[in-house]
1. Full extension from K10 to E53: what is 0.36 nm times the residue separation minus their Cα-Cα distance, to one decimal in nm?
2. Name the aspartates and glutamates eligible as straight-distance cross-link partners of K74: C-alpha to C-alpha under 16 Å, and not fewer than 8 places from it in the same chain.
3. Leaving out ligands and nucleic acids, and using a 1.4 Å probe, what accessible area per residue does the chain come to in Å²?
4. Can you give me the % of accessible surface on the chain that is carbon or sulfur? Probe 1.4 Å, all protein chains present, nothing else counted.
5. Among the lysines, which have Cα under 21 Å from the Cα of K52 when same-chain residues fewer than 8 positions away are ignored?
6. For segment 3-122, give the magnitude of the charge dipole about the Cα centre (Cβ charges: +1 Lys/Arg, -1 Asp/Glu; no others), in debye to the nearest 20.
7. Between segment 42-68 and segment 76-111, what's the alpha-carbon centroid distance in Å?
8. Return one number: the angle in degrees, 0 to 90 and rounded to the nearest 10, between the long axis of the Cα atoms of helix 26-38 and the longest principal axis of the Cα atoms of the chain.
Amino acid sequence: MKFSLDKHDKYVTLKLEETKFTNDNAPGLKSELYLLNAAGFKNIIVDLSHVKECNDAQDLSCLLVGDRLCKTAKGLFIVTGINDEIAPIIELSNIFQSVTFVNTLEEATDFIFMDELEKEFRGDK
């Protein structure tokens, strides 16, 4: 599985650099999400902007794992970069009811910084 990581103080961005999201690379993504969480990252952004094909909604279940890990750590899991080719399978899977999807990477980072500010304001850190 080809991907890149962009680590920051408050979050990490995992960019899947594959054109197909399949049962071949979904387990690798799931493993990487576990590793990032174990390394202390509670806010994870997954960028799927390179992905042009996903034929099985079951492959998307690894995103639910990331969401659960981040929620348990009191963080956010955000998916961005969904294009018109894979949007229908995401809608079909109903995964959008659990996972947060935004249009751009900038929106995702803004979402995380706003959440962190709210937690700081409430004293939840």
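1. Gain in length upon complete extension: 12.4 nm.
2. In chain and number order, the partners are D9, D115, E116, E118, E120, D124.
3. 56
4. About 50 percent, which is the carbon plus sulfur part of the accessible surface.
5. K2, K15, K20, K30
6. Computed about the Cα centre, the dipole is about 560 debye.
7. Taking the Cα centre of segment 76-111 as reference, the centre of segment 42-68 is 8 Å away.
8. Helix 26-38 sits at roughly 10 degrees to that axis.
The values are calculated or read from the model by the stated rules, or taken from the named source; none is laboratory data. What you see is a predicted model; the values in this text were computed from it and never measured. Please note: Cβ atoms are built from the backbone with ideal geometry, for glycine as well, and neighbour counts cover all protein chains shown. Note: accessible area is taken over every heavy atom of the protein model, side chains too, but ligands, DNA and RNA are not part of it. Shrake-Rupley method; radii C 1.70, N 1.55, O 1.52, S 1.80 Å.
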